[in-house]
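No value in this document is a laboratory result; all are computed from the given coordinates. Note that this is a predicted model, so its numbers are computed, not measured. Positions of Cβ are generated from backbone atoms using ideal geometry, with glycine treated the same way; all protein chains shown enter the neighbour counts.
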Amino acid sequence: MPSFLYCSECNNLLYPREDRANPDVRGRSLMFACRNCDYQEKADNQCVYRNEIVHAPAEQTLLVQDLSTDPTLPRTRMRCSKCGHEEAVFFQAQGNSAETKMTLYYICCNKSCGHRWFS
């Protein structure tokens, strides 16, 4: 399905609307109608808009640079294996894969260290 549909009579953009006069089995029928003339066509797909957000792996590593100074993240008493500092912030992974859904990521709060680990 193309992202935009155009009127076959006047070449203006077709807009989605509900056809209340002729409902289908589910009780609603989606039509695309022209706002300039009376042209209408039945939609072959019930999806009007779909928003897909895709993050590249490089973007996710850039997000964690200053997280140790973020006051909204929870903090815990956990010893850093790199510098021995006793405080770390933690957050849960935002990935969609089954392996990373429950993974907690920790970042050392020592400004000169910034070591990251997960459990």
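Relative contact order, percent, of the range 1-51 when contacts are C-alpha pairs under 8 Å separated by at least 6 residues? Intermediate results must be reported in sequence, preceding the final value.
Numbers: 68 pairs, mean separation 14.7, N = 51.
Once divided by the residue count of the range 1-51, the mean separation gives 29 percent.
For PHE4, PHE90, which order do you get if you count the other beta carbons within 10 Å of each Cβ and list the fewest first?
Values: PHE4 7, PHE90 17.
Ordered from fewest to most neighbouring Cβ atoms within 10 Å, PHE4, PHE90 come out as PHE4, PHE90.
So how much slack lies between ALA33 and GLU86, counting 0.36 nm per residue of separation and subtracting their Cα-Cα distance, in nm? Each step should come with its number before you reach the end.
Values: separation 53, 0.36 × 53 = 19.08 nm, distance 6.33 nm.
Using 0.36 nm per residue and subtracting the Cα-Cα distance, I get 12.8 nm.
Label points 7 Å out from Cα along the Cβ direction at GLU41 and ARG77: separation in nm?
6.8 nm
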